[in-house]
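The block underneath contains the structure these notes are about, expressed in structure tokens.
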Amino acid sequence: MNLAIKHTAQYTGNIIIDNEIVETLSQSFDEEGHMSGGMGMYVQNKDKYYANLQECRTKEDEFKAEMRKIEDQSVVSKDTVEDTKVETATTTEDVEKNESKE
């Protein structure tokens, strides 16, 4: 038996009309910083949601765009860290070669 712990993230957004939460949006990210699964949507007030359908859909699109930005930042920063590790390893190897020549 073992215990596997993973670092994940969950973001939520609320669409609010007249001080009332009309819809809650959510998106999960895996430990690599990639979006996992689709965007979750829960409509609390269907009357207000459908009465403001275009505005709600615009806000859903904004939420999705923000989630993509978060994913892109996560992936870019992970790639940058990986590139730095490779450069550091090469630099360390070069230093060791130079030291052995002396």
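The values are calculated or read from the model by the stated rules, or taken from the named source; none is laboratory data. Remember, predicted model here, so these are calculated numbers, not experimental data. Every residue, glycine among them, receives a Cβ derived from its backbone with ideal geometry; neighbour counts consider all protein chains shown.
For the condition under 14 Å from G13 (Cβ atoms) and either out of contact with any helix residue (DSSP H, G or I) (no Cβ under 9 Å at 6 or more places or on another chain) or modelled with pLDDT under 95 (or both), what is the one hit in S28, S74, S36, S100? First the steps, then the outcome.
Numbers: S74 fails: under 14 Å from G13 (Cβ atoms); S36 fails: under 14 Å from G13 (Cβ atoms); S100 fails: under 14 Å from G13 (Cβ atoms).
Going through S28, S74, S36, S100 in turn, the sole match is S28.
Residue by residue, here is whether (1) surrounded by 13 or more Cβ atoms within 10 Å (Cβ to Cβ); (2) over 11 Å from the mean Cα position of the chain (by Cα) holds:
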position	(1), (2)
I5	no, yes
H34	no, no
K46	no, yes
Y50	no, yes
L53	no, yes
F63	yes, yes
M67	yes, no
Restricting attention to region 9-32, report how many residues are surrounded by fewer than 11 Cβ atoms within 10 Å (Cβ to Cβ) and either touching a residue at least 24 places away in the same chain (Cβ under 8 Å) or touching a Gly at 6+ places or on another chain (Cβ under 6 Å) (or both). 1
Considering region 19-37 alone, what residues qualify as being closer than 15 Å to N52 by Cα and hydrophobic (A, V, I, L, M, F, W, C)? I21, V22
